[in-house]
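First the structure, in the form of structure tokens, and then the observations on it.
The values are calculated or read from the model by the stated rules, or taken from the named source; none is laboratory data. Bear in mind that the values here come from a model prediction, so they are computed numbers and not experimental data. When we count neighbours, we look across all protein chains shown, and the Cβ atoms used for this are built from the backbone with ideal geometry, even at glycine.
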Amino acid sequence: MTSLGVMPLASCVRQCTRSPGAQLGSYCRLHTSSISCTKDYYDVVVVGGGSAGITMGARMKRKVGAENVAIVEPSEKHYYQPLWTLVGAGAKRLPTSVRSTASVIPSGVKWIKSAVQGFEPDKNCIRISDNKKISYKYLIIALGIKLQYEKIKGLPEGFKYPKIGSNYSVHTVEKTWKAMQDFKRGNAIFTFPNTPVKCAGAPQKIMYLSEAYFQKTGKRAEANIIFNTSLGVIFGVKKYADALLEIIKNRNISVNYRQNLIEVRADKQEAVFENLDNPGETKVFQYEMLHVTPPMGPPDVLVNSPVADAAGWVDVDRETLQHTKYPNVFGIGDCTNLPTSKTVAAVAAQSGVLDKTISLVMKNQKPTKRYDGYTSCPLVTNYNKVILAEFDYNAQPLETFPIDQSKERWTMYHMKADMMPFLYWYGLLNGLWGGPAPIRKLLHLGLK
């Protein structure tokens, strides 16, 4: 340990006690306790090594020094998950979406290869495996979201059968492409669950790509494309919803609203849906291809933890991303209760705001940078077309380019397929990309 900001908490508290009239340091003014975990200590501990965790680790490295930052993450591999829409449609290969976690951990930052077991914010520490405790001055929670296939009867064991896939898991995304290739005739069904999800556009992106593939391979006349969604609308932003409904109409796709997948009988190729407007009423669909978007929820370690709200999500201020109770705790990304769509684009925008928030908190100043809920969803509608949806907390378009982004464009497809992966690996993960707000302001002559 170096001397930069690694004074043990108890020592800090003692110094503050000895000098009651002195200006309190930022550490002591935070949520502190004289009973502190001191088995190991870092200025900044980042819990989670996904998109949000790695970018914040890189940003914190520049702020306090690499040796004073730790990232807690058990996984050996790191995935660029937005690419899986194209992997599931055969347009990209799975290996292009993966790198080793070791290769994306910021140089010099400590990688604690463990899962977090619990939070003790009153003691400024977390618990990891072997009951070891890590103390921190600042904590950033970036744990992502948990896939819950098991909440659907018949899954995940049903994935051992053919004709069923899911672009949401590294273990099942290639099965989507296999099911698409093996399709002969019948129902191709795509689902959307009755829970929060990450990338809410993905369940229908693969539907449009499947329809396009069936057209290309001469199978479209034999295919009945069905989107069974638990939602009451096709998309949450009217401008883009109107454009998608026009595409759905022109491509003869069937949409059934308020239908939630509750069971898969993979041996019989049957999917059972419940009518959410009439609980208990179910309908069985025969399928030739089934794409499952799983229910999702907060990671187990967050549920009923002191840092979570009643639903299990990290409870943060929607504008500053600072915890509502513990001022030295922050949340970012899918694990938070921020009321916006859970996407990598949202993480990018949040990271820039959180960087500024933490900088000011470190100086004992009130955070002033405000997150507006910006998120983005490149809605892939064909193998060469994308509608680039960008919007804010109020479900109002917040578009980067001075054109109508509700139109399908090949330029946006190439940005999704080719530019965004590069920006992810070399920009976001290095803490150098905080979203397109500066570009938007420039292109709109400072009016947005």
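Things to note:
- Test: residue in the stretch 307-315 that is outside the structural domain of residue 162 (by TED's automatic domain parsing), out of contact with any Asp or Glu (no Cβ under 9 Å at 6 or more places or on another chain), buried (at least 19 other Cβ atoms within 10 Å of the Cβ) and not aromatic (Phe, Trp, Tyr): yes
- The number of residues in the stretch 434-448 being surrounded by fewer than 18 Cβ atoms within 10 Å (Cβ to Cβ) and either under 25 Å from the mean Cα position of the chain (by Cα) or in a helix (DSSP H, G or I) (or both) comes to 6.
- Counting residues in the stretch 209-223 that are outside any helix (DSSP H, G or I), surrounded by 14 or more Cβ atoms within 10 Å (Cβ to Cβ), on the phi < 0 side of the Ramachandran plot and at pLDDT 95 or above gives one or more.
- Close contacts from the stretch 318-333, counting a first residue that is part of a loop (DSSP other than H, G, I, E, B) and of a type in the set (Phe, Trp, Tyr) and a second that is buried (at least 17 other Cβ atoms within 10 Å of the Cβ) and at pLDDT 95 or above, with Cβ to Cβ under 6 Å and a gap of 6+ residues or different chains, come to 326/121.
- If you go through the stretch 135-173 and keep only what is more than 16 Å from residue 80 (Cα to Cα) and β-branched (Val, Ile, Thr), you end up with 140, 141, 152, 164.
- Test: residue in the stretch 194-211 that is among the aromatic types (Phe, Trp, Tyr) and touching a Phe, Trp or Tyr at 6+ places or on another chain (Cβ under 7 Å): no
- If you go through the stretch 409-431 and keep only what is free of Cβ contacts under 8 Å to residues at least 24 places away in the same chain and among the aliphatic types (A, V, I, L, M), you end up with 419, 423.
- Test set (1) surrounded by fewer than 22 Cβ atoms within 10 Å (Cβ to Cβ); (2) without any contact (Cβ under 8 Å) to a residue 60 or more places away in the chain - residue 236 fails condition number: (2)
- Listed by first and then second residue, the pairs with beta-carbon distance under 6 Å, at least 6 apart or on different chains, first residue in the stretch 292-312 and farther than 9 Å from residue 146 by Cβ and modelled with pLDDT of 95 or more, second surrounded by fewer than 22 Cβ atoms within 10 Å (Cβ to Cβ) and charged (D, E, K, R), are 295/151; 309/315.
- Matching option when the condition is of a type in the set (Gly, Ala, Ser) and more than 29 Å from residue 84 (Cα to Cα), among 341, 359: 359
- Residues of the stretch 256-272 that turn out to be out of contact with any helix residue (DSSP H, G or I) (no Cβ under 6 Å at 6 or more places or on another chain) and either among the aliphatic types (A, V, I, L, M) or assigned to a loop (DSSP other than H, G, I, E, B) (or both), as a count: 9
- Output for the stretch 372-425, where each listed residue is crowded, with 19+ Cβ neighbours inside 10 Å, more than 17 Å from residue 202 (Cβ to Cβ) and of a type in the set (Gly, Ala, Ser): 373, 406
- Hits in the stretch 178-192 - residues which are assigned to a helix (DSSP H, G or I) and either hydroxyl-bearing (Ser, Thr, Tyr) or surrounded by fewer than 21 Cβ atoms within 10 Å (Cβ to Cβ) (or both): 178, 181, 182
- Within the stretch 174-195, residues that are assigned by TED's automatic domain parsing to the domain that holds residue 340 reach no partner that is crowded, with 21+ Cβ neighbours inside 10 Å with beta carbons closer than 7 Å at six or more positions or on different chains.
- Residues in the stretch 87-108 that are under 28 Å from residue 303 (Cα atoms) and part of a loop (DSSP other than H, G, I, E, B): 105 only.
- Unique match (being crowded, with 19+ Cβ neighbours inside 10 Å, over 29 Å from residue 167 (Cα atoms) and of a type in the set (S, T, N, Q)) among 350, 322: 322
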